[in-house]
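Shown next, in structure tokens, is the structure this report addresses.
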Amino acid sequence: MENYLAIFRNSIKSPDIRRKILFTAFIFLIFRIFAHIPVAGVNVASLKNLFAQNQFLGLLDIFSGGTLANFSVMALGLNPYINASIILQLLTLVFPKLEELSKEGESGRQKINQYTRIITVPLACLQAIGMYALLRSQNIIGLLPPIYLISFIITMTAGTMLLVWLGELISEKGIGNGISILIFAGIVGRVPVVLGQTASTTTGENLMSVLVFVVMGLLVVASIVLMNEATRQITVYYAKRVRGNKMYGGQSTHLPLRLNQAGVIPIIFAVSLVLLPSLIANYLSASKNVFLHNMALSISSWFNPSGMFYNVLYFLLVVGFTYFYTAVIFNPKKIAEEIQKYGGFIPGIRPGTPTAQYLNYILTRITLAGAIFLGIIAIFPTIARGITGVQTLLLGGTGILIVVSVVLESVRAIEAQLVMRSYDKYTQ
């Protein structure tokens with residue numbers, strides 16, 4: 001804690017870092033202003049009533065920072081951009097040219113970001129059309145003429161692209177990763193509303209339940225910090241090599257394998273699949289066809305966020321996607337080749353294929369712990385509500401995971417800039 005306070009004090013004293021923090025806060029302000037500008041033609045009162053009655057939609061509203069209930073011009077949020085990033089990462093595994101581009105340093109990263117922005121536009125348009133169909137089925141919005149429908153789609157898409165631009169401005173001139181910072185701002189911006197709803201419904205009888213919920217939340221924060229920082233250190237030795245009159249190597253280092261290699265991405269993957277039936281059910285529930293209407297009711301009962309089937313499926317999907325995404329971002333074979341290339345070896349393990357097999361064995365074991373942890377975090381809201389009975393505190397483990405991860409990432413970014421600033425002074 002003292003270390004974090006020291007970092008905060010030093011960052012305030014530094015003019016450059018202070019300027020970046022103020023710039024990030026200014027972008028926050030712009031984001032919150034646009035989050036309260038509604039799209040024309042939407043009955044906001046009816047929409048808020050729908051979100052209050054539907055637990056699934058209320059949960060989506062929390063992660064959008066309240067932009068869905070207000071149905072602001074940023075109602076789509078950063079979901080299209082995140083989906084585009086995931087699609088491009090998967091395409092990198094399929095197309096060798098994209099893989100080569102990702103290894104070209106800063107220029108390659110800029111081109112990949114440009115491709116991601118291009119893919120984001122059609123994805124945002126499709127999501128805007130789907131949002132209009134959902135609102136139309138719930139009688140929240142009337143039948144729009146073609147010109148107004150096109151205007152609706154363009155407005156929603158422009159809101160997403162504005163968010164992407166603000167995120168890139170933070171990455172370039174502010175602190176930390178801009179996209180993560182904006183997701184963090186959206187979740188935190190919704191917290192006062194949730195706390196206000198809880199305070200208005202809290203009585204002497206359920207005050208103890210709220211306190212228990214708060215204690216559970218603090219324990220979850222502590223466990224997230226522990227898991228994010230936890231690593232398995234693999235010792236790697238480098239043999240001595242003589243080149244000319246100089247000797248290289250002859251030292252040891254550590255290869256850190258994080259317990260949670262995938263971060264929050266598996267939860268995003270899993271929630272996009274597990275919520276899809278609920279979206280379809282919401283759309284079909286307004287159908288006049290008896291069969292479709294009954295099917296929508298059955299789907300809603302099976303995929304109720306408080307139901308056993310939903311949470312078990314959600315947990316299993318998170319565990320499965322954790323292994324999948326870890327395999328995507330961490331390739332033991334390539335790591336083993338890099339270690340062998342520079343004359344390194346793991347004690348007791350032969351270089352090459354045996355090293356890759358050993359790293360894969362270790363990674364599989366530690367990923368199990370990380371995957372189970374992420375699964376528990378994903379279903380934490382249901383567990384907490386079952387224990388405490390508090391229904392208004394919908395901000396679950398996923399939101400806490402994002403908030404804590406972004407805070408830790410931002411602190412590390414500030415610390416790195418402080419170290420760089422001290423180094424520049426020393427070299428001058």
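Summary of values
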{"quantity": "Test set (1) surrounded by 15 or more Cβ atoms within 10 Å (Cβ to Cβ); (2) in contact (Cβ under 8 Å) with a residue 12 or more places away in the chain; (3) in contact with a helix residue (DSSP H, G or I) (Cβ under 8 Å, 6 or more places away or on another chain) - Thr353 fails condition number", "calculated": "(1)"}
{"quantity": "Counted residues, segment 338-350 - those being touching a helix residue (DSSP H, G or I) at 6+ places or on another chain (Cβ under 9 Å) and in contact (Cβ under 8 Å) with a residue 12 or more places away in the chain", "calculated": "5"}
{"quantity": "Verdict on Ile362 being open to solvent by 40 Å² or more (accessible area, probe 1.4 Å), part of a helix (DSSP H, G or I) and either in contact with a strand residue (DSSP E or B) (Cβ under 9 Å, 6 or more places away or on another chain) or within 20 Å of Ser223 (Cα to Cα) (or both)", "calculated": "no"}
{"quantity": "Check on Ile147, over 21 Å from Arg117 (Cβ atoms) and open to solvent by less than 20 Å² (accessible area, probe 1.4 Å)", "calculated": "no"}
{"quantity": "Helices (runs of 4 or more DSSP H) lying entirely in segment 264-335 (those with 1 or more residues that are open to solvent by 50 Å² or more (accessible area, probe 1.4 Å) and touching a residue at least 40 places away in the same chain (Cβ under 8 Å))", "calculated": "265-274, 276-284, 308-329"}
{"quantity": "Qualifying positions in segment 78-110 - touching a residue at least 60 places away in the same chain (Cβ under 8 Å) and outside any helix (DSSP H, G or I)", "calculated": "Leu78"}
{"quantity": "Of all residues making up segment 97-127, the number that are buried (at least 17 other Cβ atoms within 10 Å of the Cβ) and among the charged types (D, E, K, R)", "calculated": "0"}
{"quantity": "Residue match in segment 347-357 (condition: at pLDDT 85 or above and hydroxyl-bearing (Ser, Thr, Tyr))", "calculated": "yes"}
{"quantity": "Number of the exception - Gly189 against (1) within 25 Å of Val73 (Cα to Cα); (2) modelled with pLDDT of 75 or more", "calculated": "(2)"}
{"quantity": "Residue that is basic (Lys, Arg) and either at pLDDT below 75 or more than 26 Å from Ala185 (Cβ to Cβ) (or both), where the choices are Arg412, Arg421", "calculated": "Arg421"}
{"quantity": "Residue match in segment 368-381 (condition: under 15 Å from Leu255 (Cα atoms) and either in a loop (DSSP other than H, G, I, E, B) or of a type in the set (A, V, I, L, M) (or both))", "calculated": "no"}
{"quantity": "Out of Gly176, Gly142, Gly130, sole residue that is of a type outside the set (Phe, Trp, Tyr) and buried (at least 19 other Cβ atoms within 10 Å of the Cβ)", "calculated": "Gly176"}
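The values are calculated or read from the model by the stated rules, or taken from the named source; none is laboratory data. All figures in this text were calculated on a predicted structure; none of them were measured in a lab. A quick note on method: Cβ atoms are made from the backbone with ideal geometry, for glycine too, and the neighbour counts reach across all protein chains shown. We work out accessible area using only protein heavy atoms, side chains counted, and drop any ligands, DNA or RNA first. Shrake-Rupley method; radii C 1.70, N 1.55, O 1.52, S 1.80 Å.
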